[in-house]
1. Cα atoms only: what Rg and Dmax, in Å, come out for the chain?
2. Tell me the angle of helix 32-53 to the major Cα principal axis of the chain, expressed in degrees between 0 and 90 and rounded to the nearest ten.
3. Please check: in the Gaussian network model of the chain (C-alpha springs, under 10 Å), which one of 43, 21, 33 has the largest mean-square fluctuation.
4. When the chain is fully extended, how far beyond the present Cα-Cα distance does residue 33 get from residue 54, taking 0.36 nm per residue of separation?
5. With axes computed from alpha carbons, what is the tilt in degrees of helix 3-25 against the longest principal axis of the chain, rounded to the nearest 10 within 0 to 90?
Amino acid sequence: MSLASHLAELQRKHGDIERQLDEAMSHPSIDDLEIAQLKRRKLAIKDQIERLQAPTQH
């Protein structure tokens, strides 16, 4: 998998989680733990994207 396609996949997953979070937060019956888990997954993916986009340091 090329870097560009890997980044695109991570960005797609990030967007999917964003939509899941929006949906979960609009329903008061959703467990706070589930929302926290989604936020952690979203942040982890964001961190991966940032690491891949950062220039390599030697």
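1. 14.0, 49
2. 10 degrees
3. 33
4. 4.4 nm
5. Here the helix axis deviates by roughly 10 degrees.
Throughout, read-outs are computed from the coordinates displayed, never taken from laboratory work. None of these values were measured; they are calculated from a predicted model.
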